[in-house]
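Worksheet: the structure to be examined is printed underneath.
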Amino acid sequence: MKLAAKARDFLHSTGGNVAMMFALATIPLMIGAGVGLDYTRAMLVRQQMSEALDAAALAVGSSPSLDHDSAETLAKKYFNANYTVDTAQFGTPTVSIPVNGYSSTGSVVINATSNMPTMLVKLVGITSLPVTSSSTVVWGQTKLWVSLVLDNSGSMANGDASGTKMDALRNASHQLLTILQNAASTPGDVQVSIIPFVHLVNVGTTNVGAAWIDWSDWNSPPIQDQTNYIYQTDNDATLNGNPLKSFGPGDSCPFTSGMGYLCNANPTNNSNCSPTNSAGCINAIPSSGSYKGYICPSMHKGGTQDGLGYRFYNGCWTGVTWDNTYTTVATGSSATCSGHSTGNGNCTCSGSFAAKTCKTKNYPHTWTVNAHTTWGGCIMDRKQDFDTSNTAPTSGNQLFPAVNNLYCGTAAVASLGYDWTALGNQVDKMAPFGATNQAIGIAHGWQSLTPGAPYGAPSVPSNTTRYMIILSDGLNTMDRWWGDGSTEGSAADDNIDAREKATCDHAKADGIVIYTIFLDIGGTHGNSAPLQYCASDNTKYFDLTDTSGVVTTFNQIAQQITNVRLSR
């Protein structure tokens, strides 16, 4: 009876129930913890597999002449050398290359799988977890379009003990072209353009008839400027009180350097005459010969911010026929024919004392523009802001303005192509001359990688990466609107920098990968903020302090853009 009573008491007792319930509840908690632990182990294994696969894929990509079986053998070798996980605890991966995952001329896909033994979830019957990873590498089959935007300004003639900066640039460019040529599995897979620049760009005289050239500035006479007395026609304004028509054969040149330009002796080559270069300048209007009566202005006044500063004019006012009218040039007792010829009867004075009057014959003039065939191939910045946005040159202000300028540079643009001999010849033609305008070089580099005019690039093929490599040795000092070539660190240069920044922003947004190189001998400037900003990222900006670094840097960039690379 006592035993039965104790049994009834046990069945009705509530003591110890919490402990039993807790014990039962810990079972799913332990399973969850086990799953978390084994999942974490699987992620670590997968990470190690991925790193080892990348090494294996790059090794195979560096030896693209292998057949499938040899490639798979090499992949396993490199995977095993780089897979440091304890296989006894985490399982042994299987490495394979799918039959259709390998091309000896283009790409490789390498897979790895492993069944990782579990530690805790095996208590519920799960003895292993599958872990997989894959790596893909591509090489020569990837197509490259590369634009070399190269500073040809005058300071490239300087250098160090290793030679001039220009010599280093030419040497490095040739080596780069060789690497790029060898990187092409098929001719045309790698194409290059070359954009030599100063503050202008030489697009070559073969483009004289191109529809994208703007001749409006070329054809125009000096504009009327009431401050500087620059003529548009001989009746629009006066020069020191005298209209242009009052100057004829034998008279003094009506212009002075203070007005921005002088009289040019050779109307077909106005670049020979400027306020700072007396060669080709004349003091008097010819009174005989082929250019009798020609008045040929040389160069527009600098610092005007009207888009015409330092622009050479391309024409002359002609007029050798007297129209039987006179202009009074001076009155009073001290009146003279100063500036006007008296030997041929152009100017005469009559009367005396206060009634004295000096008059000159009038020779109406007609502006005659130089033939476009005298153009040297130079163009200046486009009207704002068609260049910074890479607008297609279809009409009007969107076109590229021709300019006649001595400071253009000897090497012309080489449009995108793979005639490696022709590209090398353009490199050899580069010579230091003129001021620096990185913005115009970058704008044309981008244009050369853009289908259509002006450089005729085709549609961008699939699987093509477009690169721009920019080298410059100085700071911006002159463009169409700002600077005079010697304004480093000024507000004018800041305006050029701002245009460069805008161009780089738009080019990068268009998918152009940009490398920039600042060749700063001896570290004089310390850094180029515009070039550093323009680079696609900090790893693509190089600050060099000696010429020997140019070749090394070009080779480094070439290896980066042509070598095998992970694509996943």
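Coordinate-derived values only; no laboratory data. Keep in mind that this is a model prediction, so the values were computed, not measured. Methodologically, a virtual Cβ is constructed for each residue, glycine included, from the backbone with ideal geometry; neighbour enumeration extends over all protein chains shown.
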(Q) How high is the relative contact order of the stretch 407-484? Use alpha-carbon pairs under 8 Å, at least six apart in sequence, and give a whole percent. (A) 31
(Q) At 7 Å along Cα-to-Cβ for each site, give me the label-to-label distance between ASP537 and THR84 in nm. (A) 2.4
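Mind ranking 161-171, 387-397 by how tightly packed they are, going by the mean number of other C-beta atoms within 10 angstrom, highest first? Intermediate results must be reported in sequence, preceding the final value.
Values: 161-171: 18.5, 387-397: 16.4.
For the peptides 161-171, 387-397, the packing ranking is 161-171, 387-397.
I need to check one value: relative contact order of the stretch 443-488, counting alpha carbon pairs closer than 8 Å and at least 6 residues apart, in percent.
Numbers: 29 pairs, mean separation 9.4, N = 46.
Across the stretch 443-488, relative contact order equals 20 percent.
Rounded to two decimal places and with Rh computed the Kirkwood way over Cα pairs, what is Rg over Rh for the stretch 395-468? Each step should come with its number before you reach the end.
Working: Rg = 14.1 Å, Rh = 14.4 Å.
Expressed as Rg/Rh, it is 0.98.
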(Q) Tell me which trypsin sites (Lys or Arg not before Pro) from the stretch 298-367 have a DSSP coil assignment and no more than 16 other beta carbons within 10 Å of their own. (A) LYS356
(Q) Give me the percent relative contact order of the stretch 296-370, please, defined on Cα pairs under 8 angstrom at least 6 residues apart. (A) 34
(Q) How would MET156, MET430, MET119 line up from fewest to most surrounding beta-carbon atoms within 10 angstrom? (A) MET119, MET430, MET156
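Around PRO451, what is the net charge, scoring Lys/Arg as +1 and Asp/Glu as -1 over all other residues with Cβ under 13 Å from its Cβ?
On the way: positive: ARG466; negative: ASP510.
After counting each charged neighbour, the total is 0.
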Q | ³J(HN,Hα) computed for each position of the stretch 42-52 - Karplus, 6.51 cos²θ - 1.76 cosθ + 1.60, integer Hz, glycine/proline x | A | 5, 5, 5, 4, 4, 4, 5, 4, 4, 5, 5
Q. If one puts a single equal scatterer on every Cα of the stretch 404-562 and applies the Debye formula without solvent, what log₁₀ I(q)/I(0) results at q = 0.17, 0.18 Å⁻¹?
A. -1.20, -1.35
Q. For the stretch 118-159 and the stretch 443-472, what is the separation of their C-alpha centers, rounded to whole Å?
A. 24
(Q) Quick check on my link table: of LYS165/LYS429; LYS383/LYS501; LYS301/LYS429; LYS245/LYS359; LYS301/LYS383, which ones sit more than 22 Å apart, alpha carbon to alpha carbon? (A) LYS301/LYS429
